[in-house]
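**Student:** Got a structure for you, written out below as structure tokens; questions coming shortly.
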Amino acid sequence: MSYINGETPKSKLRSAIVAALLAAVIFWAAKAYISGLEPISAERESYRLGTVVRLTVWGEDKTALDHALDDSMAEITRLESLFSVNIADSDISKINANSGQFVEVSPETKEVLALAVKNAAMTHGAFDPTIGPVVKLWGIGTKNARVPSDSEINAARALVDYRKVSIHDKGGRTYVAVGKGQSLDLGGIAKGWIADRIAALLKERGVKSAIVDLGGNIYALGESPRGREWKLGLRHPQKPRGEYFAAVDVADTSVVTSGAYERYFEKDGVRYHHILDPSTGRPAQSDLISVSVISKKSADADALCTALFVMGLDRSAAFLKRHLDIQAALVKGGNNAVFITPDLKGCFKLTDGTMALEVLK
Ligand code: ADP
Ligand code: MG
């Protein structure tokens, strides 16, 4: 018997085994290569800033993603310890405890305060970071929530005035003072400002896709891991959490929604919510039930959301006409009409068929 190439039955079997092994190795290598191209995700969720904070990132290197997330969480904790009115030695608590005097603050506190004052001026005080005395008086969202008397409301309201915030730089340090009796509350802007910070931190670490969600205050970093725009839902004001009335397609943009449903208490059949009108010292009697602002800067989106809610539909429409760089979606109570700014047309999709859409002129 002769065998071509000198192969014997034994060596034939051997080469068949080698070929099979080789095929298996190539198959696994190819699979590993393909899955290497598919982004890995990592997530952290934690109760911070008085709400649920969820950070999700996508990339190729799991260890790098984990480090970026741990550092982001640590940064949130650090910033909360500067801005929170519930932490006794925060910059903001120190300013409040020493009203009428200058207090040295960190560069971050200076930055967020300067932005808060800018937004207050722009909205003629519909957003006002010196709302502290009114927030404290009503105690909405705390166990001390109550309906104060008219004289208490008037006394607290008289203290609200962002024009009395002084920011002073000297010798490379910053000092801040509020008027005697005034107190700051950054609840309407801090989450947005921190979201911008965390997005910048993640970008610095090379993260190209991330969702920074600070209690619904969202920054969508880069594009989605599939290389498309993110589709973000706008929370439905009358349905349970997780239900949306519309979606927007965005990249590297923040979406913030404010509504009266977020935090409130009820007394004698009346609902008192946490967005306060600085001009009345009471929960804003708005004809709007939800306001979303879509902006490259989450701090502005956060502050403006609160302001537009306080202003109501007509004043908001007039304001948005003067500020064409601001994109917003406003939901009016009663007939549930949705009003959007003209530039949103291309990326906004109404998903609740019972609502009517109108584009603001
Ligand atoms: P949320 O915190 O639910 O996202 P907002 O961004 O609208 O809602 O902020 C509401 C918080 O901001 C309140 O809990 C209070 O601390 C503060 N606040 C309420 N009314 C105003 C206002 N007119 N201007 C500035 N801050 C406000
Ligand atoms: Mg806000």
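**Student:** Hand me the list of strands (runs of 3 or more DSSP E) wholly inside the stretch 34-124 holding 3 or more residues that are surrounded by 15 or more Cβ atoms within 10 Å (Cβ to Cβ) and in contact with a Gly (Cβ under 6 Å, 6 or more places away or on another chain). Give the derivation first.
**Tutor:** Numbers: elements: 40-48, 51-59, 103-105.
Ranges flagged: none.
**Student:** Further question on the same structure: In this structure, does residue 132 turn out to be surrounded by 13 or more Cβ atoms within 10 Å (Cβ to Cβ), within 23 Å of the chain's Cα centre (by Cα), within 16 Å of ligand 2 (Cβ to nearest atom) and within 22 Å of residue 121 (Cα to Cα)?
**Tutor:** yes
**Student:** From the set of residues in the stretch 153-177 that are crowded, with 20+ Cβ neighbours inside 10 Å, within 16 Å of residue 115 (Cβ to Cβ) and within 16 Å of ligand 1 (Cβ to nearest atom), which is farthest from the chain's Cα centre (by Cα)?
**Tutor:** That would be 165.
**Student:** What number of residues within the stretch 186-211 are away from ligand 2 (no atom under 11 Å from the Cβ) and of a type outside the set (A, V, I, L, M, F, W, C)?
**Tutor:** The total comes to 8.
**Student:** Give 247, 220, 251, 195 a once-over and let me know the one that is surrounded by fewer than 21 Cβ atoms within 10 Å (Cβ to Cβ) and closer than 16 Å to residue 292 by Cβ.
**Tutor:** Only one candidate passes the filter, namely 247.
**Student:** Here is a list: 302, 287. Which entry is charged (D, E, K, R), within 16 Å of ligand 2 (Cβ to nearest atom) and touching a helix residue (DSSP H, G or I) at 6+ places or on another chain (Cβ under 9 Å)?
**Tutor:** When all the criteria are applied, what remains is 302.
**Student:** Okay, moving on. Can you name the condition, by its number, that residue 173 falls short on among (1) within 20 Å of residue 67 (Cβ to Cβ); (2) in contact (Cβ under 8 Å) with a residue 60 or more places away in the chain; (3) of a type in the set (Lys, Arg); (4) touching a strand residue (DSSP E or B) at 6+ places or on another chain (Cβ under 9 Å)?
**Tutor:** (1) is the only condition that residue 173 fails.
**Student:** Step by step: first the residues of the stretch 212-244, then only those that are without any contact (Cβ under 8 Å) to a residue 12 or more places away in the chain and at positive phi, then the one that is nearest to ligand 2 (Cβ to nearest atom). Which residue is that?
**Tutor:** Out of the qualifying residues, it is 242.
**Student:** Would it be correct to say that residue 247 is away from ligand 2 (no atom under 14 Å from the Cβ) and within 23 Å of residue 337 (Cβ to Cβ)?
**Tutor:** Yes; evaluated as a whole, the condition is true for this residue.
Every read-out reported here was derived from the displayed coordinates using simple, explicitly stated rules and does not represent laboratory data. Quick caveat: nothing in here was measured; it's all calculated off a predicted structure. Please note: Cβ atoms are built from the backbone with ideal geometry, for glycine as well, and neighbour counts cover all protein chains shown.
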